[in-house]
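A.B. asks: The structure under discussion is supplied below as structure tokens; questions concerning it will follow.
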Amino acid sequence: MLVLIPRLLDPDQTARCREVLERTAWVDGRTTAGAQSALAKHNLQVPETAPEARELGEIILQALGVSETFVSAAQPLKVFPPLFNRYDEGMRFDPHVDNAIRFSKTAGVRYRTDVSATLFLSDGSDYDGGELVIQDAYGEHQVKGDAGDLVIYPSTSLHRVEPVTRGRRWASFFWIQSMVRDDGRRALLYELDMSIGQARQALGDRDPAVLGLTASYHNLLRMWAEV
Ligand code: NI
């Protein structure tokens with residue numbers, strides 16, 4: 001399930017990110033890629049252990065924690081400390097699947113990557129090309145958000161970043177180990193949660209149908225969640 005969360009960061013927060021990133025030292029993105037994806041990857045990255053990554057990562061983690069849509073769609077158990085990348089003209093990331101397990105040098109722990117996330121730090125009009133293209137059973141989905149927008153998608157998906165042909169594309173990227181490993185189950189819980197929200201609006205919180213659906217939601221989560 002692909003979910004776009006507009007304005008996860010507000011304009012002040014994205015401006016702060018850009019200001020810090022523009023005076024940060026960047027390295028070849030292949031430093032964090034596996035052997036196979038290193039061949040596909042042509043971009044720049046902030047080193048994982050850079051203090052700038054940690055400072056900006058905190059802003060993002062805090063915003064994720066208060067986003068009801070993110071929490072409902074991702075069911076996060078733990079979030080990989082956010083990383084930052086940049087695509088200048090001619091840069092791209094060819095089709096690949098993200099590694100299943102990632103070790104964070106800063107957190108000192110392993111993460112199973114269930115959900116992949118891209119947080120756009122440029123407006124879509126700032127550059128040409130650079131679309132994030134995600135493949136699933138329904139075909140290909142092109143995503144190009146504005147600064148502050150977050151997209152999350154199953155880490156099982158093949159995906160790529162199209163070549164940037166004008167301007168620069170700035171973003172943060174990270175992974176989520178979810179309490180609900182299976183994407184189909186996460187999608188079902190998310191859709192049920194959305195429907196319960198609509199039912200609460202229409203019927204009120206004390207309506208027996210609302211109470212029953214809410215009980216089923218929590219009982220499914222109890223059945224499937226690993227914490
Ligand atoms: Ni990737």
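Every number in this text was worked out from the coordinates using simple rules, so none of it is lab data. Everything quoted here is computed from the prediction, not taken from an experiment. We place every Cβ from the backbone using ideal geometry, glycine too, and count neighbours over all the protein chains shown.
A.B. asks: Please state, as a whole number in µm²/s, the translational diffusion coefficient that the Stokes-Einstein equation yields for region 183-224 at 20 °C and 1.002 mPa s, with Rh defined as the Kirkwood radius across alpha carbon pairs.
C.D. replies: 206 µm²/s
A.B. asks: Let me ask another. Which of Leu64, Leu39, Leu132 moves the most in a Gaussian network model of the chain with Cα springs under 10 Å?
C.D. replies: With Cα springs under 10 Å in the chain, the top fluctuation among Leu64, Leu39, Leu132 is at Leu39.
A.B. asks: Can you compute 3J(HN,Hα) from phi for each residue in region 113-126, using the Karplus curve 6.51 cos²θ - 1.76 cosθ + 1.60 with θ = phi - 60°, rounded to whole Hz and x for Gly and Pro?
C.D. replies: Running phi through 6.51 cos²θ - 1.76 cosθ + 1.60 with θ = phi - 60° gives 8, 9, 10, 9, 9, 10, 10, 6, 10, 10, 6, x, 7, 6 Hz.
A.B. asks: Around Gly130, which amide H atoms from residues at least 5 apart in sequence, or from another chain, sit under 5 Å from its own amide H, with H modelled in the peptide plane?
C.D. replies: The list, which skips near neighbours in sequence, is Glu162, Val164, Thr165.
A.B. asks: Once you sort the root eigenvalues of the Cα gyration tensor of the chain as a ≥ b ≥ c, which label holds: rounded (a/c under 1.5), prolate (a/b larger than b/c) or oblate (the other case)?
C.D. replies: Prolate, because a/c is 1.5 or more and a/b exceeds b/c.
A.B. asks: Out of Ala63, Ala137, Ala100, any idea which swings most in a Gaussian network model of the chain, alpha carbons joined below 10 Å?
C.D. replies: Ala137
A.B. asks: Starting from the 7 Å offset along Cα-to-Cβ, what nm value, one decimal, do you get for the label separation of Arg23 and Glu226?
C.D. replies: A separation of 4.4 nm, rounded to one decimal place.
A.B. asks: Rank Ala117, Ala187, Ala199 by mean-square fluctuation in a GNM of the chain with C-alpha springs under 10 angstrom and give only the top-ranked residue.
C.D. replies: Ala199
A.B. asks: So what is the relative contact order for the chain, in percent, with contacts set as C-alpha pairs under 8 Å and at least six apart?
C.D. replies: Numbers: 439 pairs, mean separation 56.0, N = 227.
It comes to 25 percent, rounded to a whole number.
A.B. asks: While we're on this one: Tell me, in nm to one decimal, what length is gained between Asp123 and Leu188 on full extension, where the rule is 0.36 nm per residue of separation less the Cα-Cα distance?
C.D. replies: 20.3 nm is the gain from fully extending Asp123 to Leu188.
A.B. asks: Right, another one. Apply the Karplus curve 6.51 cos²θ - 1.76 cosθ + 1.60, θ = phi - 60°, to the phi angles in region 218-223 and return the couplings in whole Hz, x for Gly and Pro.
C.D. replies: 5, 6, 5, 4, 4, 5
A.B. asks: Check each of the trypsin sites (Lys or Arg not before Pro) in region 163-227 and keep only those in coil by DSSP with at most 11 other C-beta atoms within 10 angstrom; list them in order.
C.D. replies: Of the trypsin sites (Lys or Arg not before Pro), the ones in loops of region 163-227 whose Cβ has at most 11 other Cβ atoms within 10 Å are Arg206.
A.B. asks: Within the set of other residues whose C-beta is less than 11 Å from the C-beta of Leu211, count the net charge using Lys and Arg as +1 and Asp and Glu as -1.
C.D. replies: Local charge sum for Leu211: 0.
A.B. asks: How big, in percent, is the set of alpha carbon pairs in region 59-173 lying more than 19 Å apart?
C.D. replies: Here the long-distance tail beyond 19 Å is 48 percent of all Cα pairs in region 59-173.
A.B. asks: So, one more: What GluC sites (Glu not before Pro) in region 81-159 are in a loop by DSSP, with at most 12 other Cβ atoms within 10 Å of the Cβ?
C.D. replies: none
A.B. asks: Using Cα positions and a limit of under 26 Å, work out the lysines in reach of Lys105, with same-chain residues fewer than 8 apart set aside.
C.D. replies: Filter leaves Lys41, Lys78.
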